[in-house]
Amino acid sequence: MEQQRKEATERLLSRQGHHNLVYNEENDGVDVEDEGLVAVSNFTSILGLSTLTAACITFGFGCAIGYSSPTQSSIMEDLGLSVAEFSLFGSILSIGSLIGAAISGKITDLFGRKPTMWILNLFYIGGWLAIAFTKAPWLLNLGRLSLGFTNGISNYLASIYVAEITTKNVRGRFTIIVQFLTGWGVSFMFVVGSFVHWRTLALLATIPGLLQLLLLFFIPESPQWLAKFGREKELEAALLCLRGDKADISHEATEIKDYVESLKSFSSEGILDIFQKKYVRQLLTVAGVLVLMNLGGINALTYYSGAIFVSAGVSSMVGLITLAATQTVIGILGATLIDKLGRRPLLLVSSAGLCFSSFLTGVSFFLKDFNWWDQGSPILAFIGLLMYMGSYALGGVLPLLLLSELFPINVKGSAGSICNFMGNFTGWVVAYYFNFLIEWSSTGIFFIFSAFSSANFILTATMVPETKGRTLEEIRASITHSSD
């Protein structure tokens, strides 16, 4: 393998004309002797533009999630919907996500990361236009279903793309910033939706998709995806584009190609490959965290937070605007800490916060049901809901980051489809039945959410590995070695 690595490096350097570069055995890399070459940069303008393009996906994802909360009463009144019909409208987003999630890994592997973004924009913009101009419930639901399909793929795609184009030193920060835009999308819906008509809000939500259509002309494809299909010249061009025209990308290109090549010798890329012994632990971990986080109630609190505030005795507008501010502040905090503290500590803090805040909210409804502490129970519910959304903003995106980091590219598509599908299925169950369960027992449902979040804390503490500060190839090589 060492000799093959040397030969691959020499071939790469010869193609690029960097004849003054030499292979360094001690550092297992390439030394730069040519003064015209510079070290790989953690940030370039194209990398920033590519990240912004991915952020448009996740901002739109957040818009779709947050839309139903501030518009519930006005849509029900204008279109004459019952509680059950609006529950269908709210939860059908998750049904669309299920469909998208089931093919998310395979479609991004088949078409590539960038072409998939083009395709998703058709469904995204079309879905919002259907909602904005609907005259009947069926078109309203069809538009929401189209948005859900987009969400099921884009939530996976954004994390994968950003993880594959960034260096190890900023990968966590960039990925969480992109996913953090989901919270901004939700916040945008909460704030703006409190002041504008629901049809106008739907039209405003098309902006991220239109912006992304423009930006897609200027960004490169994922280098790892290009390496997988043997497009070496395009791989090198993409890396130079992302790292800077004068950057020494030879070692990174060789490392990516060597790793992708090594995977071809033992994998036929079938869907069943993900169930091999060496991948089972990662699959159970990521799928388990996603499932338990969704069973912890995030879809319910995001879709119906306005109604929850009202039932708890808190002003819907005040509650939604405060939620938006909380998500923004905590999200920024998480982005600054992820590459310093690591993924695992933040996920533990997030799970603990979700557990405690759900319990606190359940206690507030318990006090309200028995008319104990009438003045204090709304405050308790308000604090609990803010703490819940803040805790999710801190660590809710981390399972998707782990998904992009823990699986090699030959099975990443299958892993993404399975994990995404399971997460979205449990999200749909919670979203659809929440309105009925809160009528059954508002106290009980939040205690159930707390129990699932507690289970997620235990799973994270016992199964989730730390991945900060390591390249994707290093992470997967260590996992492969430990499973042998």
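Quick check: with the 1.4 Å probe, what order do TRP428, TRP138 take by accessible area, largest first?
Working: TRP428 55, TRP138 170 Å².
Sorted by accessible area, descending: TRP138, TRP428.
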### Task
Can you tell me the order of 369-377, 446-454 when each peptide is scored by its average per-residue count of other Cβ atoms within 10 angstrom, highest first?
446-454, 369-377
## Note on the structure
Probe 1.4 Å, all chains present, heavy atoms only: LEU240 accessible area in Å², nearest 10, is 50 Å²
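For the chain, what % of the accessible area comes from carbon and sulfur atoms, probe 1.4 Å?
Answer for the chain is 67 percent, counting heavy atoms of protein chains only.
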### Task
Considering only protein heavy atoms, with the full assembly of protein chains and a 1.4 angstrom probe, order GLU261, GLU252, GLU164, GLU85 by accessible area, largest first.
GLU261, GLU85, GLU252, GLU164
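Excluding ligands, DNA and RNA, what is the solvent-accessible area per residue of the chain at a probe of 1.4 Å, expressed in Å²? Please report the intermediate quantities before stating the final value.
Values: 18770 Å² over 484 residues.
Accessible surface, normalised per residue, equals 39 Å².
Could you please report the charge total around THR134, scoring K, R as +1 and D, E as -1 over all other residues with beta-carbon less than 12 angstrom from its beta-carbon?
Details: positive: LYS135, ARG144, ARG199; negative: ASP78.
With Lys, Arg at +1 and Asp, Glu at -1, the net is +2.
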### Task
Would you compute, from DSSP H runs of 4+ residues alone, the mean residue ellipticity of the chain at 222 nm, taking -39500 (n - 2.57) per run and dividing by the full residue count, rounded to the nearest 500?
-26000 deg cm²/dmol
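With viscosity set to 1.306 mPa s at 10 °C, what whole-number translational diffusion coefficient in µm²/s follows for segment 154-248 from Stokes-Einstein and a Kirkwood radius over Cα pairs? Working shown, then result.
Values: Rh = 15.6 Å.
Once the numbers are plugged in, D ends up at 102 µm²/s.
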### Query
Given the protein chains as shown and a 1.4 Å probe, how many square angstrom of TYR433 are accessible, to the nearest 10?
110 Å²
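Cα-based Rg of the chain per 2.2 N^0.38 Å, rounded to two decimals? Don't skip to the answer; put the middle values down first.
Details: Rg = 23.2 Å, N = 484, 2.2 N^0.38 = 23.0 Å.
Against the compact-globule rule of thumb, the ratio is 1.01.
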## Note on the structure
If every Lys and Arg gets +1 and every Asp and Glu gets -1 at its Cβ, then about the Cα centre the chain yields a dipole, in debye to the nearest 20, of 940 debye
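As a test of reading the structure, rank MET76, MET117 by solvent-accessible area (1.4 Å probe, protein chains only), most first. Please list the in-between numbers first.
Details: MET76 40, MET117 0 Å².
Ranking MET76, MET117 by accessible area, largest first, yields MET76, MET117.
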### Message
Could you tell me the center-to-center distance, by alpha carbons, between segment 242-259 and segment 391-409 in angstrom?
### Response
25 Å
#### Entry: Accessible area of PHE365 in the full protein assembly, 1.4 Å probe (Å², nearest 10)
10 Å²
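Of the peptides 275-281, 200-206, how do they stack up when ordered by the mean number of other Cβ atoms within 10 Å, highest first?
Working: 275-281: 14.0, 200-206: 20.1.
Taking the mean over residues of other Cβ atoms within 10 Å, the ranking is 200-206, 275-281.
Sort 382-391, 50-59 for me by packing, meaning the mean count of neighbouring Cβ atoms within 10 Å per residue, highest on top.
Numbers: 382-391: 22.5, 50-59: 25.6.
Ranking, from highest mean packing down: 50-59, 382-391.
The values are calculated or read from the model by the stated rules, or taken from the named source; none is laboratory data. Since the structure is predicted, the reported quantities are computational estimates derived from the model, not experimental observations. Here Cβ is always computed from backbone atoms with ideal geometry, including for glycine, and neighbour counts include all displayed protein chains. Note: areas computed on protein heavy atoms with side chains; ligands, DNA, RNA excluded. Shrake-Rupley method; radii C 1.70, N 1.55, O 1.52, S 1.80 Å.
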